[in-house]
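**Student:** The structure follows.
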Amino acid sequence: MNDDLKRRAAAMALTEVRPGMRLGLGTGSTARHFVDLLGAKVARGFDCICVPTSEVTARQAESPGIPLSNLETLDRLDITVDGADEIDPALNLIKGAGALLLRKDRRCRFRCHDRDCRWLQAGRHARQVPAAHRGQPLWPGRHPRAIAEVNAAHGAQGGLKLRQTKDGESYVTDGGHLILDAFFGRISQPEALSRDLLDIAGVVQHGLFLQMCKKAYVAMPDGVRTIRV
């Protein structure tokens, strides 16, 4: 995807930031641009305090001197800015293709984004619905079977795959969890799918971010479009 479009979306999201705000900083290729742009403002004296959603983002934010905190210290965030893998007209999202879905703040208000679609369709852009699991062992075991049963009940068009590193090892998240990728196809009832996945003992979180986003900036070749709910 065009990196310039991602930066344009991130720049529009930056216009929502006011001095003194408590910000959640997302993770991924689009959010990285937002952190870069915010870091340039901070270097010029802009006042804010931020909570990163991953260790990768924390390291990036520390370089230009962005002040960091955590949700144990701050009782609330004003906004969280992040990218999304997919977004529908109701601002439901798929996130987590980068495996950093668990620490995403659930009170997010803005998403900077470079594409949208009529419905959530995991796999449409080579993305998946990830489910993070707690502890070992995971594969084989009952968790994949239980998730497969839920997916089948919701019309999944593909199977499950344990996410691995380039070296063929199981991918472990910042929180010490494993990731199962579900190649789903069109998701017609995301709310019901969310509930059914979270009802499975051992599932920590999934990549469906529903009714959390209030505004999205979608960068297109002819300009940046704003979607609100």
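**Student:** Test residue 62 against the stated conditions and say whether it is touching a residue at least 12 places away in the same chain (Cβ under 8 Å) and among the acidic types (Asp, Glu). Even if it seems obvious, please write down each step before you answer.
**Tutor:** Details: touching a residue at least 12 places away in the same chain (Cβ under 8 Å): no; among the acidic types (Asp, Glu): yes.
When the stated conditions are applied, residue 62 does not pass them.
**Student:** Return the only residue of 163, 186, 195, 145 being basic (Lys, Arg) and either on the phi > 0 side of the Ramachandran plot or buried (at least 17 other Cβ atoms within 10 Å of the Cβ) (or both). It would help to see each step written out before you state the result.
**Tutor:** Details: 186 fails: either on the phi > 0 side of the Ramachandran plot or buried (at least 17 other Cβ atoms within 10 Å of the Cβ) (or both); 195 fails: either on the phi > 0 side of the Ramachandran plot or buried (at least 17 other Cβ atoms within 10 Å of the Cβ) (or both); 145 fails: either on the phi > 0 side of the Ramachandran plot or buried (at least 17 other Cβ atoms within 10 Å of the Cβ) (or both).
It is 163.
Read-outs: derived from the displayed coordinates by stated rules, not from any lab. Fair warning: this is a prediction, and the values are worked out from it, not measured in the lab. Methodologically, a virtual Cβ is constructed for each residue, glycine included, from the backbone with ideal geometry; neighbour enumeration extends over all protein chains shown.
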